[in-house]
1. Condition check: in contact (Cβ under 8 Å) with a residue 12 or more places away in the chain and surrounded by 23 or more Cβ atoms within 10 Å (Cβ to Cβ). Does Q167 satisfy that?
2. When both residues are 6+ apart or on different chains and their Cβ atoms are under 7 Å apart, which pairs have a first residue that lies in the stretch 56-85 and is among the polar types (S, T, N, Q), and a second that is open to solvent by 10 Å² or more (accessible area, probe 1.4 Å)?
3. Residue by residue through the stretch 97-113, note down the ones that are under 17 Å from H60 (Cα atoms), touching a Phe, Trp or Tyr at 6+ places or on another chain (Cβ under 8 Å) and open to solvent by 10 Å² or more (accessible area, probe 1.4 Å).
4. Which count do you get for residues in the stretch 234-281 that are at positive phi and not small (G, A, S)?
5. Being in a helix (DSSP H, G or I) and over 12 Å from the mean Cα position of the chain (by Cα) is the filter; apply it to the stretch 123-137 and report the residue that is farthest from G215 (Cα to Cα).
6. How about the stretch 528-545: which of its residues are under 18 Å from I504 (Cβ atoms) and not hydrophobic (A, V, I, L, M, F, W, C)?
7. How about the stretch 498-584: which strands (runs of 3 or more DSSP E) wholly inside it have at least 2 residues that are surrounded by fewer than 23 Cβ atoms within 10 Å (Cβ to Cβ) and touching a residue at least 60 places away in the same chain (Cβ under 8 Å)?
8. Search the stretch 214-234 for residues being open to solvent by 10 Å² or more (accessible area, probe 1.4 Å) and among the aliphatic types (A, V, I, L, M), and hand back the single one that is nearest to L62 (Cα to Cα).
Amino acid sequence: MDRTEDVKRKVELYCELSKAHNSINPKTTISYGNKAVALAKEAGDDKLLAQAYNETGSGHYLLGDIDKAVQFYYKALRIREKLGDPSDLSASYNNIGNVYADQNNHKEALPLYKKSLSLATTAQDTLRIGSALSNIGGVYLDQGKYDLALVYYREALPIQEKLDDKQGILISLINIGDAYNGKNDYQTALSYFNKAHQIANDLGSSHDEVYVLRGKAESYLKAGKYEKALDNALASMELAKAYEGKYVLKENAAILDRIYTAMGNYELAHYYLTLHTSYSDSLHNERAADRIAQERVKYETAQKDKENLLLRAEQELNLRKLEQRSIVQYFTVALLLLVCAVAYVFFRGRQHQSRINKLLTQKNELIMHKNEALNQHQKALTEQAEQLNIQKEKLTQLNTIKDKLFSVIAHDLRGPLVALKGLLHVMAMGKVPADKQEGLFNSLVKGQQNVLWMLDNLFDWARAQMEGFEVDPKPLPLRELADENIRLLQPVAGSKEVALNNTIDPSLVGSADKEMIRLVLRNLISNGIKFCKAGDTVTLSARIHENQVLVSVKDTGIGMTAEVQQKLFGGGSYSSRGTANEKGSGLGLALCKDFVEHNGGSIWVESAPGMGSTFMFTLPCPAKPDEEDNTTPQHLSQKETAQLELA
């Protein structure tokens, strides 16, 4: 700062200083932001002015001053809408989404985060892509959808690690820990909080250490270690007081209330409950909501004013056109008067002129009729062309399905059949010793079963592509269906010395099409066997999760990389050889995805190389009478609050 005389460069430096103090002292953030605003106005640079407004708004947001935060955020957004830079627009929508998220207005926050993600993707701004993904996960965390939140956090973390974004990595680790706390997996949560604590210490970020200590306090509280929970919560509270942020003070008061309640110290519990309520009232008041609404109305009104200006310009253009038409009309009237004068002078030629005009009129009518006929003929040709295009698309789709069928038949079915033919030929010639006949018979049975399953998958896929899906959901006893598939696949598993275990509760029932789910289970179990070695295990389990039945097929096989996982359900077919060189058509998992989604569920995989794989899918529960709503007071709820990322 001391070495530069360039005003614009000074604005940039003030903005950087403002952003750097986000995690140290929001008041300093505001001070530097105001200096940046003043210099940016002096320099007349709108892009830098919008950045200065954004940083100043972030300082007020971190202090809990919603009124001023939304004023500065919308000032930045209005300028950035004019400039049209997608990366800057992504930052503004992200920060306005943070305000809505802190007001627990997830309905408004989620579309803003997704718009921020779309703009960041357009700009190829990986830093803001990571922030948007993390904040979308925060919305699902606030809603108690912990598994869905983890999906977004785990997608954001590698991006931040690749960028070496220490602040982003720290926030993602904290949020993942909060999600595991929500799942009551406090040991895993503590491991993430300990990693985050080390980074917070390295960065000297007292603001982030507040979140880390509070998360650790939550984990120890769930583990029943109240003394450790209290130590971490009090340490977090002391840092929060120095930081003076209303949001962190509110959340720290809430957890201290719960810890003292668990320890039986109701006097201190009541004190922190009262403190939590006072901070909640100051943050979630009608004035803050009104200010957000007012700024939004101002923004939308400005957008409409732009549209009105365009309309007025268009009206002026139309008026000019009308004036030009009036001049033409006046000229035409004068010309007609002249014609009438000439006609009066040459009265004798009037009848002849009338006959000529009549003849011209008849010709004009004839031309109009021909034009109309041509238009109708052109319309008919256009409709025929559209029909031909539709038929062409259908033929192209059918041709693609045909090519896929022939490809699988040529490469994936012909090979096993040729091998079977060779084995049968050798056995028919009587050249197989008696001690090896049993092994050959087992190979024949295994090869024949694999070919049949491949044919089933192929026919089901082709039928679904050409005819579509017809789902017939009924109450489905999952244990019975799993046992049926295990009996079917036991010979294959036995030949590889792989154990099949079914731990599904016999009373657990889902709602789905039985034939579709039978195929899903068969493919997933077969897939698990395919990638297991001798001594490995494939285990089936199920439980109720978020009003759905969650079914898991877990194997202890070779696992897979993240790149392979992304290919499995990517829309195409993907196949790789098993541990015994088994080969598949690549259609099984694609069918599983289609069948599960058409039954109202979703399917995904969790795996790591050498750690086995777990394929999971959800199904709706059978309809039942509404259960009583057992809500708990807000200050006693154990739902976690995500730490939001500022852009």
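The values are calculated or read from the model by the stated rules, or taken from the named source; none is laboratory data. Everything numeric in this text was worked out from a predicted model, so none of it was measured. All Cβ positions, glycine included, derive from the backbone under ideal geometry; neighbour counts span all protein chains shown. Each accessible area value is taken on the protein alone, full model and side chains, heavy atoms only, with ligands, DNA and RNA left out. Shrake-Rupley method; radii C 1.70, N 1.55, O 1.52, S 1.80 Å.
1. On the way: in contact (Cβ under 8 Å) with a residue 12 or more places away in the chain: yes; surrounded by 23 or more Cβ atoms within 10 Å (Cβ to Cβ): no.
So Q167 fails the test.
2. So the pair list comes out as T56/I30; T56/N34; T56/V37; T56/F72; S58/N22; S58/L646.
3. Matches in the stretch 97-113: D102 only.
4. So the first thing to find is which residues in the stretch 234-281 are at positive phi, and the list is 244, 264.
Next cut, not small (G, A, S) only: 244.
Result for the stretch 234-281: 1.
5. Of all residues in the stretch 123-137, those in a helix (DSSP H, G or I) come to 123, 126-137.
This time we only want the ones that are over 12 Å from the mean Cα position of the chain (by Cα), so: 123, 126-128, 130-131.
On the way: A123: 34, T126: 27, L127: 25, R128: 25, G130: 22, S131: 20 Å.
Only one residue fits best here, namely A123.
6. G528, T537, T539, S541, R543, H545
7. Numbers: elements: 499-502, 509-512, 537-545, 548-555.
Qualifying strands (runs of 3 or more DSSP E): 509-512, 537-545, 548-555.
8. Here the residue is L234.
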